[in-house]
Amino acid sequence: MGQTTQPILFFDSGVGGLSVVAPTLALLPTAPIVYAADSAGFPYGTRTEAEIAARVPALLGRLVERYRPRLVVIACNTASTIALPVVRAALDVPVVGTVPAIKVAAELSRSRVIGVLGTQATVRQPYVDDLAARFAGDCTVLRHGSAALVELAEGALAGDAPSLDRIATELAGLFMQERGDRIDVIVNACTHFPLLEADMIAVAPDGVRFVDGGPGIARRIATLTAGQPFPEAPVPGRLVFTRLGERERAIAATLAPRGFASVEAL
């Protein structure tokens, strides 16, 4: 494999990382993409830290050996907050993680009350406490962990229209907390959630803004690959699943028109 065709490898438990692929391709439109979803381990947000810390480095080791990427992107907040240091120590390629966009939210908030919407595993991490203390020290930071939104986002790409009532119920987990009625910015701290952002805006109170880490991660990828050769024209992307069942094939069919021409099992 020549350096020009070396891919950028995106990894997530499911399809949430596509919210990071999109802004990356906006900056690097001809970058070869391998998108790997750990469908056999999905969803990560309800797994224990020990399970994720053991599973993610092992899978990424196999993926790097097979696809020889120029860069690995852990496009998953849960996996990043738990396994990123171990992955970086184990791999000999650059690794970019996903960080909840708490700093961005604090810069935008006027009410100084922000919400962090993620998986249960992400919102309970000390890493999130650290980000809130460093970048939102003068804000009230409310959190809510939602497994349902992950399933809704995954289902949407498999062809199941998400329920606005269920989305509203999950957002109420933030707005119904003490001072929750003053939230004016919500951090989508799970890469699945931006896939539902239009529906979230439709059911959220007027004026509430949603932010996520995708654009910042894309800029980091562009910086780390600056000066590297890329193909002259876009090349088909590759989808990889750790379990290739009916749902995964439906997702692959949805993504085929978006440039992901092949699907395979790890």
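The values are calculated or read from the model by the stated rules, or taken from the named source; none is laboratory data. Fair warning: this is a prediction, and the values are worked out from it, not measured in the lab. Cβ atoms come from the backbone with ideal geometry, glycine included; neighbour counts cover every protein chain shown. To get the accessible areas, we keep the full protein, side chains included, count just its heavy atoms, and leave off ligands, DNA and RNA. Shrake-Rupley method; radii C 1.70, N 1.55, O 1.52, S 1.80 Å.
Could you check, for region 197-205, whether at least one of its residues is outside any helix (DSSP H, G or I), surrounded by fewer than 19 Cβ atoms within 10 Å (Cβ to Cβ) and more than 19 Å from the chain's Cα centre (by Cα)? Yes, because at least one residue in region 197-205 is outside any helix (DSSP H, G or I), surrounded by fewer than 19 Cβ atoms within 10 Å (Cβ to Cβ) and more than 19 Å from the chain's Cα centre (by Cα). Only one of the listed residues (A158, A168, A148, A153) is touching a helix residue (DSSP H, G or I) at 6+ places or on another chain (Cβ under 6 Å), surrounded by 20 or more Cβ atoms within 10 Å (Cβ to Cβ) and either of a type outside the set (S, T, Y) or at negative phi (or both). That residue is A153. Of all residues in region 13-26, those satisfying the criterion of being crowded, with 20+ Cβ neighbours inside 10 Å and part of a helix (DSSP H, G or I) are L18, S19, V20, V21, P23, T24. Within this structure, V104 fails the test of being farther than 25 Å from G207 by Cα and modelled with pLDDT of 95 or more. Considering only residues in region 27-64 that are aromatic (F, W, Y) and not in a helix (DSSP H, G or I), the one that is nearest to A83 (Cα to Cα) turns out to be F42. Restricted to region 224-257, and to residues there that are without any contact (Cβ under 8 Å) to a residue 12 or more places away in the chain and in a helix (DSSP H, G or I), the residue that is farthest from V73 (Cα to Cα) is E246. Go through region 1-12 and give me each residue that's of a type in the set (S, T, N, Q) and surrounded by fewer than 19 Cβ atoms within 10 Å (Cβ to Cβ). Q3, T4, T5, listed by residue number. Of the residues examined, A105 is not one that is over 14 Å from the mean Cα position of the chain (by Cα) and surrounded by fewer than 23 Cβ atoms within 10 Å (Cβ to Cβ). The residue that is least open to solvent (accessible area, probe 1.4 Å), counting only those in region 27-53 that are among the acidic types (D, E) and more than 24 Å from A250 (Cα to Cα), is E49. The set of residues in region 72-127 being β-branched (V, I, T) and farther than 26 Å from R62 by Cα consists of I102, V104, V113, I114, V116, V123. Only one entry in G155, G159 is at pLDDT below 95 and in contact with a Ser or Thr (Cβ under 7 Å, 6 or more places away or on another chain), namely G159.
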